[in-house]
Amino acid sequence: MDKPATLATILQQAIQASRIDVDLNTHRIWQQWKDVVGPAIAENARPEAIKGKLLLVNVSSAPWMQQLQFLKPELIEKLNESLGKEVVGDIRFKIGPVDRDT
């Protein structure tokens with residue numbers, strides 16, 4: 001090795017070598033969430049996890065969960081557009097903790 005490698009490079013090589021199909025760029029969903037969905041939704045909904053192409057989102061209340069169901073296709077489109085590829089195929093909303101400080 002001529003020069004030190006970044007941790008991201010080492011992790012990507014290790015994942016490729018182990019043949020695990022993981023997209024390390026999915027973390028950008030959390031970074032871009034507020035910009036993509038807007039401040040009102042971001043105050044009442046937060047991504048919790050992603051499993052394959054299924055994004056799990058915690059929502060503050062039942063009315064917000066119902067509203068987000070109507071907006072689901074638009075949210076999926078906007079998220080994928082901001083990520084530059086199809087990362088999210090579906091979103092499942094559930095009432096859960098929404099940490100408004102992050």
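The values are calculated or read from the model by the stated rules, or taken from the named source; none is laboratory data. If you're wondering where the values come from, they're calculated on a predicted model, not measured in any experiment. Note that each Cβ is placed from the backbone with ideal geometry, even for glycine, and that neighbours are counted across all protein chains shown.
Sort out which residues of segment 33-63 are charged (D, E, K, R) and within 14 Å of the chain's Cα centre (by Cα), and write them in order of number.
Keep residues of segment 33-63 that are charged (D, E, K, R), which gives 34-35, 43, 46, 48, 51, 53.
K34, D35, R46, E48, K51, K53 - these are the residues of segment 33-63 that are charged (D, E, K, R) and within 14 Å of the chain's Cα centre (by Cα).
Only one of the listed residues (V57, V88) is of a type outside the set (K, R), crowded, with 17+ Cβ neighbours inside 10 Å and over 19 Å from V98 (Cα atoms). That residue is V88.
Looking only at residues that are basic (K, R) and surrounded by 11 or more Cβ atoms within 10 Å (Cβ to Cβ) in segment 68-85, which one is nearest to the chain's Cα centre (by Cα)? Even if it seems obvious, please write down each step before you answer.
Filtering segment 68-85 down to residues basic (K, R) leaves 72, 78, 85.
Subset that is surrounded by 11 or more Cβ atoms within 10 Å (Cβ to Cβ): 72, 78.
Details: K72: 13, K78: 11 Å.
Selected residue: K78.
Starting from segment 81-102, keep only residues that are farther than 14 Å from L55 by Cβ, then list their pairs with residues that are at pLDDT 95 or above and exposed (fewer than 11 other Cβ atoms within 10 Å of the Cβ) whose Cβ atoms are within a distance under 7 Å, requiring at least 6 positions of separation or different chains. Within 7 Å, the pairs are I95/A62. Number of residues in segment 1-10 that are surrounded by 10 or more Cβ atoms within 10 Å (Cβ to Cβ) and either modelled with pLDDT under 65 or under 20 Å from the mean Cα position of the chain (by Cα) (or both): the value is 0. Looking only at residues in segment 46-65 that are at pLDDT 95 or above and in a loop (DSSP other than H, G, I, E, B), the one that is nearest to H27 (Cα to Cα) is S60. Among the candidates Q13, Q69, the residue that is of a type outside the set (A, V, I, L, M, F, W, C), assigned to a helix (DSSP H, G or I) and modelled with pLDDT under 95 is uniquely Q13.
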